[in-house]
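What follows is one structure encoded as structure tokens, with my remarks underneath.
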Amino acid sequence: DTGVSQNPRHKITKRGQNVTFRCDPISEHNRLYWYRQTLGQGPEFLTYFQNEAQLEKSRLLSDRFSAERPKGSFSTLEIQRTEQGDSAMYLCASSLGRGAYGYTFGSGTRLTVV
Amino acid sequence: DQQVKQNSPSLSVQEGRISILNCDYTNSMFDYFLWYKKYPAEGPTFLISISSIKDKNEDGRFTVFLNKSAKHLSLHIVPSQPGDSAVYFCAAPFYGGSQGNLIFGKGTKLSVKP
């Protein structure tokens with residue numbers, strides 16, 4: 001297992017289009033997190049799963065955002081009707097339990113909405 | 001309300017000298033803290049953590065100090081190396097929702113000059 005994998009690495013889309021990102025966590029990790037990072041900011045929490053259950057969603061996650069983690073394995077994050085303000089780096093992380101020794105992050109998906 | 005604050009956007013030090021990165025927090029309920037390092041185009045990488053019951057944790061060249069009365073922690077890198085040049089994020093777990101997620105500061109960009 002080589003870590004957390006995210007695809008695609010880069011996505012350029014036109015405003016109003018839908019996009020979907022995929023995250024494959026470390027196989028034995030039961031928790032999976034989505035974060036968003038914009039320029040000059042630290043990662044901001046979006047949502048998290050424990051196994052297949054989505055346990056928490058941030059206020060940043062508007063109705064246009066939806067995340068799934070079928071069967072508690074990989075996860076997808078979909079953004080519908082993209083807006084320019086959605087342009088950011090979307091980071092996925094996983095952990096075993098609470099992650100007191102740190103989450104393992106993927107390399108992220110850079111979204112640019114034009 | 002930013003619960004984890006890194007007030008220095010950047011820091012420049014000479015190779016071989018000490019780098020000191022600072023972080024302040026507002027929530028006395030945080031029970032541990034973490035530092036992450038991030039290179040461009042990569043996800044954050046866990047560096048070191050400290051429990052709130054300790055005041056120091058050391059791992060090789062990296063030492064984190066925690067001052068609970070001042071709600072302040074710092075990361076010391078000795079000696080600094082050019083490969084340490086990266087953005088460093090301070091983070092703490094937030095339990096206001098369900099099982100917790102990490103809150104990150106805005107980061108400090110460290111440049112180590114040869």
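Rule-based calculations on the coordinates, nothing more; no lab input. Everything quoted here is computed from the prediction, not taken from an experiment. So basically every Cβ, Gly included, is an ideal-geometry build from the backbone, and we count neighbours across all protein chains shown.
Couple of notes before you dig in:
- Measure of compaction for the protein assembly as shown (Cα Rg per 2.2 N^0.38 Å): 1.02
- Between the alpha-carbon centres of segment A:39-114 and segment A:1-25 there is a gap of 10 Å.
- Rh by Kirkwood over Cα pairs, then Stokes-Einstein D for chain A at 1.567 mPa s and 4 °C, µm²/s: 93 µm²/s
- Loop-located trypsin sites (Lys or Arg not before Pro) in segment A:6-63 (DSSP state other than H, G, I, E, B) with a sparse environment of at most 10 neighbouring Cβ atoms within 10 Å: A:Lys14, A:Arg59.
- Our summary gives chain A a relative contact order of 37 percent, counting only alpha carbon pairs under 8 angstrom and 6 or more residues apart.
- Unit Cα scatterers, Debye sum, chain B: log10 I(q)/I(0) for q = 0.15, 0.18, 0.20, 0.22 Å⁻¹: -0.61, -0.87, -1.06, -1.26
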